[in-house]
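*Asks:* My questions all concern the structure below.
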Amino acid sequence: MKRLFFVILITTLLSSCGGKAVLVDETREFDHAVWQRFSPENFEINVSNPDDYYSIDFEVVVDSALMRNDQLPLTVNLYSPDGERRMFYAYINLKEHGRWKGETFKNRTKEGLRVMRQNIRPFFTFNKKGTYRMEVGQATSQYDLEGLLSFRLDIERTEVNYKALDD
């Protein structure tokens, strides 16, 4: 009985002290590799500990034959449980010095696909507990943005390493 209690205690301590808590890890695919300008993607985020820091990453899969942009501008609206709205812009750099960034993505039906992941907010905090809604929209001048196969939102709990920030 003491061993069982000890195992439960250790498991509880380890899970509450430092394991990564994933709030959201969702991917949205676009029909015909087109993201329309006024069709934002909505994500639900359940926050139980607003005192933690979270890292927000965006990931896209791009068809390099169809994509004409070097950068993907995005608008992000975050709605809190009580209706407060926080808005910011984010950018995913698709090319660097004229060359595609990211890694080649192998697909049986297409060639030239690239996966690009970019950290948008390294130490983000939420104001309170509850269910938030994040609305992410493409903010290019084109109504239809061709060449974007998918968009992924990944929000995980993170630790601030102050020593690394000083280096």
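Each reported figure results from applying straightforward, stated rules to the coordinates on display, with no laboratory input. Bear in mind the structure is a predicted one, so any value in this text is a computation, not a measurement. Backbone-built Cβ (ideal geometry, glycine too); neighbour counts: all protein chains shown.
*Asks:* Take S141 and H32, extend 7 Å from each Cα along the Cα→Cβ direction, and tell me the distance between the two endpoints in nm.
*Replies:* Here the answer is 2.3 nm between the modelled labels.
*Asks:* Taking 0.36 nm per residue of separation and subtracting the Cα-Cα distance, what length does fully extending V22 through E96 add?
*Replies:* 23.7 nm
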